[in-house]
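Novice: Sharing a structure below in structure tokens format, with a few things to ask.
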Amino acid sequence: MDLRRIRKALLFLSLSAAGFVTATAQIPTPVSVLGHNPGDDYYLADYDDAIRYFHALAASSNRIKMFKVGKTTRGEEFEIAVISSPENLARLDEYKANSRKLADSRGLTDTQAHELARNSKIIVHIDGGLHSNEVAGGQHSIQLAYKLVSAQNDPEIDSILNNVILVLWPTINPDGQNMVAHWYRKNLGTQYEVSPMPELFQEYVGHDNNRDGYMQNMLESQVVTRVEMEYSPAIFYCQHQTAPFPARIWIPPFADPISSNISPYMRSWLNVIGVNMSAALQEQHMPGAISQTRFDNWYPGFLDFTHVFRNEISFFTETALYRYATPRFYTVDEFPAEYQDLKALTLYTDPWQGGWWRLGDAVRYMIAGSMSVLDTASKYHEQLLYNRWQAAHDNIQHYSSNAPYAYVLPNPQADTPEAALLAQKMLDNGIEVHRAAKEFEANGVKYPAGSWVILMDQPFSGLVRELFEAQHYPQAILDGNAKPVDLPYDVTGWTLPMQMGVKVDAVTDPVEDAQRANLERVNRIETPKSAVEGAGPVYALSHKPNASFEAVNDILAAGGNVGFSREAVDTSEGPELGAFLVSGIGHASLLPIVEKYGLVATSVRGGESLPIHKARVGLYRPWQPSIDEGWTRWILEKYGFAPESIYNAGMKAGNLRARYDTIILPDLTKSQLLDGFKPGIVPSEYAGGIDSEGVSALRNFVQQGGNLIAFNQTSSALIDLLGLPVRNILAGLKSDQFFCSGALLQVDLKDLPSRPALYGLKKDPIVMFEKGPAFAPAPGFEGEILASYPKTNPLESGVLIHPDKIEGMAAAVELAYGKGHIFLYGFKPQWRGQSHGSYKFFMNELYRFDEPAIQRLPEVKISANLPNIPASAGQDDDDDGRR
């Protein structure tokens, strides 16, 4: 035994316990732990490597602490590093509490806010990104941590450690970092070294993990938001790739438009941080920084941006990327023509002139960006913290004397569980929600006790208005001859009450103290009132709540019987055609099911019903990963439909009808569906699409009695592939002739209450239209137009240019095809797990009917023997926030 080494170790442990170990005590370099420097050519550290290194740092320095904060979808442990001076880390809880106090503003006078800002430390969030094929971010986190923890006698870093508490996430997608690194390692040195990965880099959502900011459907989004609200950072900075070519890094300021619901303090600081970063990059001779081009932040659902509504300076940068860790040499003749002259521009002040680009270069640029942010935070920490107080204080003052003063979510309403879910989403985003203990009156309307009320005179209520009101693009942009293709980076309308089919009322009269006295603040939303009313043996469940589908699937799994009522029956929501009629299950077994979902089952006399069984659902899953497929799979699993993934080989094998009753094709282009990855791009087992064999198999499947559902662009592709008697009237139009990259449009169900595909829907639902088709019947059309756009402008929220092209046109059609049916939806009824109000368009088709009713068109007209029922029966016309 080496006694000197033992004594040295014991001395280290005793000094560490006493708090005397400094950052100089044998700080391990990344290469000493990992065998490589993150950023090296042909090397990617995975998440496990990163955590191993961070733990080695934490074991050797008192500048860093590690915290476990949750689990990923695949069960990986989420860990974060908190880096600052030992003195700051010893008072971490105190500084977190101070940050939350300043962000809230209430209880602090202006003088007290100044004092608290002066005496506090600023908390900054920086992460290694969430789009895992943008690989430099996770490598940068390791190098940034080493730089901060190991530095000695560095005035800039000493100032940062003294004034800033850095919350450093190695990545905010651990599963994806492992997946991508392992894929690259597997193919390194082969012809597939830079091939794309044949699965989504985050379970279900892939790239849309950065579109889940306010909805928080994914576990990862929930963890990030919960930790963010606990630490309440003044700055939230996320690393991304790639910059608009040939620029080497995109940095703020953002392109217009930007929401007026964001505090002007945050809007201004976003610009300041970008300008400071540009100067820092120039000082370090890092050319190629560009601003504004391409990226706006109009959509509030970016996970790296939603926090701006909680008065955090939230933003991202985009650093240049080739592929993985493989270097690439660029020549000027590869640049877009407009950049080949290498001339400086106002927001591209030092053009990049080409040459080698390596992963290590991207890491250096990212570290420079992160250090610039930390330096800005250090130098202006007092002003930044005070401005957070001002932002919240000003917002409260504004809504104390300006409408809307509140929003009310009535309880009950047509889909009360959805209203409860919307209220819970607000709580999850740091919004205060109250419950009316007694009848609540506002704007001359009396709302029942139990209704949810969101008062607007609270710190972060700009987010409520952002999500509850219709979106209108700034007229200055629409009138400014902006090209339509340059208008949005993402969708332009997202109003949640419209999407979710929830009734929400804005309160335009001040909420007086007497009214407030009847409001109770809640910390979580209770499951709505549930009951099994009457002795049975037949019960009716309303078709209007989405939760009824979850309950029905549980009832079927428990051995109960369920059918669609073929005549209007009384439910908890009034008379309904198509209500779920439940039998074969007793009161005691039914009660826990309805209690789980917040439903009311009502005893009825019985009545004619169409018995249903849960369909065997197949969902096409291409090797060229589809985000739309992932969202669809997540929704189907959540509602208990247990979809089976159909890959190319399974599709082309045929005999689909023996395995499935319903097949869903997610939103894909014709090329993605037929061709997938081209041969030579990926290993052969992942190449190709369904090709002609798969098309033939789908044709046979429907002709033999199967149901085929197609979303958005796939529905347009099927018109040609299956020779369907319907036209896409938008085919071939250019963006200056028709443009809608994502907006909420109204559709009209006309007088078709008897169609099972429409049971439970409002008579004029709102749908998400995102670059989809619109239909017109062609000669030989047999079926039904399920939904059409009105003959006036259908726009409810967002941007729609030249709406006349779709006015009066079909939005969804049901076609008879042999013994089966094809459902074409020219929109996304399941868009990003948000458009709950249109889920029924496809979920109604996920049940099979007893023969002969399964052959509904043209052999059997289900409505033939039904009584005349008003179009509103079984449909709901509650206001859902549209303007």
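Novice: Taking interchain pairs and intrachain pairs at least six residues apart, which have beta carbon atoms under 7 angstrom, with the first residue in region 787-811 and crowded, with 20+ Cβ neighbours inside 10 Å and the second of a type in the set (Phe, Trp, Tyr) and part of a strand (DSSP E or B)?
Specialist: Correct list of pairs: Met809/Phe775; Ala810/Phe775.
Novice: Can you tell me which residues in region 173-211 are in contact with a Gly (Cβ under 7 Å, 6 or more places away or on another chain), open to solvent by less than 10 Å² (accessible area, probe 1.4 Å) and part of a loop (DSSP other than H, G, I, E, B)?
Specialist: Residues satisfying the conditions are Gln202, Val205.
Novice: I'd like the full set of residues that are closer than 21 Å to Tyr365 by Cβ and free of Cβ contacts under 8 Å to residues at least 24 places away in the same chain, limited to region 35-53.
Specialist: Selection gives His36 alone.
Novice: Then there is this: Which one is farthest from Asp154 (Cα to Cα), of the residues in region 85-101 that are more than 33 Å from the chain's Cα centre (by Cα) and of a type in the set (D, E, K, R)?
Specialist: That would be Arg91.
Novice: Looking at Ala470, Ala442, which is the one that is under 30 Å from Ile801 (Cα atoms), in contact with a helix residue (DSSP H, G or I) (Cβ under 9 Å, 6 or more places away or on another chain) and not polar (S, T, N, Q)?
Specialist: Ala470
Novice: Separate question: For region 240-285, which residues satisfy the criterion of being farther than 22 Å from Leu321 by Cβ and among the basic types (Lys, Arg)?
Specialist: Residue satisfying the conditions is Arg267 alone.
Novice: Quick check, is Leu130 open to solvent by 10 Å² or more (accessible area, probe 1.4 Å) and closer than 30 Å to Glu466 by Cα?
Specialist: no
Novice: Further question on the same structure: Of everything in region 291-319 that's surrounded by 24 or more Cβ atoms within 10 Å (Cβ to Cβ) and among the β-branched types (Val, Ile, Thr), which residue is nearest to Ile235 (Cα to Cα)?
Specialist: Looking at residues that are surrounded by 24 or more Cβ atoms within 10 Å (Cβ to Cβ) and among the β-branched types (Val, Ile, Thr), I get Ile313.
Novice: Could you tell me which residue of region 334-364 is least open to solvent (accessible area, probe 1.4 Å), considering only residues that are of a type in the set (Val, Ile, Thr) and closer than 15 Å to Ala243 by Cβ?
Specialist: Here the answer is Val363.
Novice: Same structure, new question: Confirm whether Ile367 is out of contact with any Asp or Glu (no Cβ under 9 Å at 6 or more places or on another chain) and either open to solvent by 10 Å² or more (accessible area, probe 1.4 Å) or without any contact (Cβ under 8 Å) to a residue 24 or more places away in the chain (or both).
Specialist: The answer is yes for Ile367.
Novice: Considering region 634-651 alone, what residues qualify as being in contact (Cβ under 8 Å) with a residue 24 or more places away in the chain and among the hydrophobic types (A, V, I, L, M, F, W, C)?
Specialist: Within region 634-651, Trp634, Ile635, Leu636, Phe641, Ala642, Ile646, Met651 meet the criteria.
Novice: Right, another one. Which condition number in (1) within 30 Å of Gln241 (Cβ to Cβ); (2) buried (at least 22 other Cβ atoms within 10 Å of the Cβ) is the one that Ala103 fails?
Specialist: Of the numbered conditions (1) within 30 Å of Gln241 (Cβ to Cβ); (2) buried (at least 22 other Cβ atoms within 10 Å of the Cβ), the odd one out for Ala103 is (1).
Novice: A further question follows. Can you pull out the residues in region 712-742 that are assigned to a strand (DSSP E or B) and within 23 Å of Glu629 (Cβ to Cβ)?
Specialist: Asn728
Novice: What number of residues within region 629-675 are crowded, with 16+ Cβ neighbours inside 10 Å and assigned to a helix (DSSP H, G or I)?
Specialist: Looking only at that region, the number is 18.
The values are calculated or read from the model by the stated rules, or taken from the named source; none is laboratory data. These numbers come from a predicted model, not from an experiment. For neighbour counting, all protein chains shown are included, and Cβ atoms are generated from backbone atoms with ideal geometry for every residue, glycine included. Areas reflect the complete protein model, heavy atoms only, side chains present, ligands, DNA and RNA absent. Shrake-Rupley method; radii C 1.70, N 1.55, O 1.52, S 1.80 Å.
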